Amino acid sequence: MSVPRLELQAAVLGTRLMNAVKSGHSMETEDAILWTDAKTVLRWICSTHRRYKQFVGNRVTKILESTDASQWRWVPTADNVADKATRPQGQVDFSQKSRWMCGPKSHRRFSEYNRLLRTMTWVLRFVCQCRRQQHEHGKYGLTAAECAEAELVLVRVAQREAFPDELHRLYANRPVQPTSELKGLLPYLDDLAILRASGRIDAALCLPYGARRPIILTHRHPLTDLIVRHYHVRMKHQNVNATITEIRMKFWITKVRRVLQRVIRNCGVCKLQRATPTPPLMGSLPEDRLKPGGWPFEYTGLDYFGPLLVTVGRRQEKRWVALFTCLRTRAIHLELAQDGPMRKTGIGSYIDQEAPLTPNDLLKGTSNIPDTPAESEELPKPCETRKQ
Ligand SMILES: [Zn+2]
């Protein structure tokens, strides 16, 4: 049997297992997600095309009887925890920190601190309910007190992972080692077993407790990155020092400047703000502008601007201005157009002229277009200038 067909068999087995767990459990499950690392199986399940071979068709039908295609997800082989059990290997790691116990990394990763905090708060509330501890505001949404409690849990876990030696010594009421990076902070454990720095500003009662005794975090922990990013966004991507001051109202992060600069380097909004627009390459100049010799205004560009309000006697009138530019020398000549655009220039009136005029004609005051051009006569160029 081919590997994709074996994987499909596994998907059928997974579906049966899901049904068995659902029926054997007293709790009602609203939703279930099924993971497979076989993309072929996913295509078979999600495709609307149903002309499969009998073997595949029967099994896909069986899968779709109790699940929906949207419930199926793909897990990369590198993250597939099931491989731990199915692949032959010498020693399997079943410790608390192993992938088998913690799940794939992609499931543990959070991109936003608030999301992590709220998830943790919900988990804590679930634990409370399982222990039959009724919470005061259990019926409503999350409370600030619950979020604060969840934050301390997260911090405690991060500190335990980052400073095991220091915590061990502090639990035994011994000072941290002189070589520890926290030595200068005079760390201590508070009543809730949170590692805090003791500073010299205890008398500054105007400051919150967090600023006087900040929580210590290491720059190496992913939680620190999330917290720094959270403050960076909260401070509207402002400068480094302002953000660090805000962070220090609650946390003392080792090498915080370096963490913040790393966060800023990876921040999409800051990247956009730093980007400078690339000026477009200009096209090559037209032939008229590059001919050597000749006289000024041999090739001319023309534009109008206005209206400008001018005072005539006691009233105000509108005036338009014709602007001639010499394409070669870039000299400028201005003419007043009294009655409006293309009505009459100071040089001559051409309003009744049907043939196209060049700016040169207007400037020179004579038209080089005869009223009725003879057939034998060579027609003048319709336009001597080009649009710039
Ligand atoms: Zn930013």
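Quick notes on this one:
Okay, residues lined up against (1) among the charged types (D, E, K, R); (2) out of contact with any Phe, Trp or Tyr (no Cβ under 9 Å at 6 or more places or on another chain); (3) under 30 Å from GLN238 (Cα atoms):
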residue	(1), (2), (3)
ALA275	no, yes, yes
TYR304	no, no, no
LEU309	no, yes, no
ARG319	yes, yes, no
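- Helices (runs of 4 or more DSSP H) fully within the range 148-255 counting 1 or more residues that are away from the ligand (no atom under 16 Å from the Cβ) and in contact with a strand residue (DSSP E or B) (Cβ under 7 Å, 6 or more places away or on another chain): 164-171, 222-234
- Residues located in the range 275-327, provided they are farther than 27 Å from ALA337 by Cβ and of a type in the set (A, V, I, L, M): ALA275, LEU281, MET282, LEU285, LEU290
- When the test is whether a residue is β-branched (Val, Ile, Thr) and within 11 Å of the ligand (Cβ to nearest atom), THR276 does not pass it.
- Applying the condition of being out of contact with any Lys or Arg (no Cβ under 8 Å at 6 or more places or on another chain) and aliphatic (A, V, I, L, M) to the range 157-183 and asking which residue is surrounded by the fewest Cβ atoms within 10 Å (Cβ to Cβ) yields ALA172.
- The residues listed here are LEU285, LEU272, LEU281, LEU309; of these, the one that is surrounded by 10 or more Cβ atoms within 10 Å (Cβ to Cβ) and hydrophobic (A, V, I, L, M, F, W, C) is LEU285.
- Among the residues of the range 228-262, the ones that are farther than 20 Å from LEU189 by Cβ and in contact (Cβ under 8 Å) with a residue 60 or more places away in the chain come to 2 in all.
Rundown of residues vs (1) more than 16 Å from the ligand (Cβ to nearest atom); (2) within 30 Å of THR224 (Cβ to Cβ); (3) in a helix (DSSP H, G or I); (4) in contact with a Pro (Cβ under 8 Å, 6 or more places away or on another chain), yes/no style:
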{"position": "ARG262", "(1), (2), (3), (4)": "no, yes, yes, no"}
{"position": "SER284", "(1), (2), (3), (4)": "yes, no, no, no"}
{"position": "ASP288", "(1), (2), (3), (4)": "yes, no, yes, no"}
{"position": "LYS291", "(1), (2), (3), (4)": "yes, no, no, no"}
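- So SER106, is it out of contact with any His (no Cβ under 6 Å at 6 or more places or on another chain), modelled with pLDDT of 85 or more and within 30 Å of TYR231 (Cα to Cα): no
The values are calculated or read from the model by the stated rules, or taken from the named source; none is laboratory data. Model, not experiment: these values are computed from the prediction. Glycine gets a Cβ as well: all are built from the backbone with ideal geometry, and neighbour counts include every protein chain shown.
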